[in-house]
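Structure record follows, encoded as structure tokens.
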Amino acid sequence: MSDDDRLLVIVEDDDRFAATLTRSFERRGYTVVSLTGLAPLEALLAARTPAYAVVDLKLNGESGLACVKALHDHDPGILTVVLTGYASIATAVEAIKLGACHYLAKPANTDDIEAAFSKAEGDVAVSLDGRPTSIKTLEWERIHQTLVETDFNISETARRLGMHRRTLARKLDKQQVK
């Protein structure tokens, strides 16, 4: 077993959360490298190939989806889990299309992430019966999809959705996503 068989890359801009994940995964026998964005990730990929990656969807000034794509382009076998406090169907689909094996909404712990690594193949037996999506959920997903399209520019998102910027800001405050 090579050193990189248990190499885990964490791409997270929240230093405290990254440190917590790092400690927890190191206790489980992983070698962990914590990075804050795409440029440090690309530098690491020039030298090493991780077996696992945990990527935050929204990084300071950039999308974690670019990191997912870089990981997948480097080696499609890297098991990548996307974590986000801004969960939506649109970003989940994009993350999977770009090469993530799983997508988890925060808060997620080490057990959740490790379980996601082992569920990379999908589950054909997953229940298709679910509760109908509420109007509020659909509204939030549309808002989030537009936020992603505008690189989280609130003014442009409000304009595209045909609502006042302050109204959008209030809706985002009420959602209380971290």
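The values are calculated or read from the model by the stated rules, or taken from the named source; none is laboratory data. Given the structure is predicted, the values throughout are model-derived calculations rather than measurements. Glycine also receives a Cβ, built like all others from the backbone with ideal geometry; neighbour counts cover every protein chain displayed. With ligands, DNA and RNA removed, areas are computed over all heavy atoms of the protein, side chains included. Shrake-Rupley method; radii C 1.70, N 1.55, O 1.52, S 1.80 Å.
Order the following by accessible area, largest value first: HIS102, HIS74. Probe radius 1.4 Å; ligands, DNA and RNA are ignored.
Reading off the accessible areas and sorting them downward yields HIS74, HIS102.
What is the spin-label model distance, in nm, from THR137 to ARG16 if the labels are put 7 Å beyond Cα along the C-beta direction?
Using points 7 Å along Cα→Cβ, the separation is 3.1 nm.
In what order, largest first, do SER118, SER134 sit by accessible area if the probe radius is 1.4 Å?
From most accessible down to least: SER118, SER134.
Under a plain spin-label model, where a point goes 7 Å from the Cα along Cα-to-Cβ, how far apart in nm are GLU42 and ASN60?
Each label point lies 7 Å from its Cα, and together they span 1.9 nm.
If I compute solvent accessible area with a 1.4 Å probe over the protein chains, what percent of it on the chain is carbon and sulfur? Don't jump to the answer; show the numbers that get you there.
Details: 5220 of 10340 Å².
Its accessible area is 51 percent carbon and sulfur atoms.
Given 0.36 nm per residue, what is the gain on full extension from SER155 to LYS97 after removing their alpha carbon distance, in nm?
18.1 nm
In sequence order, what are the phi-derived ³J(HN,Hα) couplings for segment 65-82 according to the Karplus relation 6.51 cos²θ - 1.76 cosθ + 1.60 with θ = phi - 60°, rounded to whole Hz, with x for glycine and proline?
5, 5, 5, 4, 4, 4, 4, 5, 5, 5, 7, x, x, 5, 7, 10, 10, 9
List every residue whose amide H lies under 5 Å from the amide H of VAL11, counting only residues 5 or more places away in sequence or on a different chain, with H placed 1.01 Å from N in the peptide plane.
Under 5 Å from the amide H of VAL11: LEU35, VAL54, VAL55, ASP56.
So what J values fall out for segment 10-15 if you push phi through Karplus, 6.51 cos²θ - 1.76 cosθ + 1.60 with θ = phi - 60°, rounded to Hz, Gly and Pro as x?
Karplus values, whole Hz, x for Gly and Pro: 10, 10, 8, 8, 8, 4.
Apply 1/(1 + (r/R0)^6) to the Cβ-Cβ distance of ALA115 and ALA90, taking R0 = 25 Å, and write down the FRET efficiency to the nearest 0.05. Don't skip to the end; give the middle numbers.
On the way: r = 24 Å, r/R0 = 0.96.
Result of the calculation: an efficiency of 0.55.
Quick check: with the 1.4 Å probe, what order do THR110, THR167 take by accessible area, largest first?
Result, largest first: THR167, THR110.
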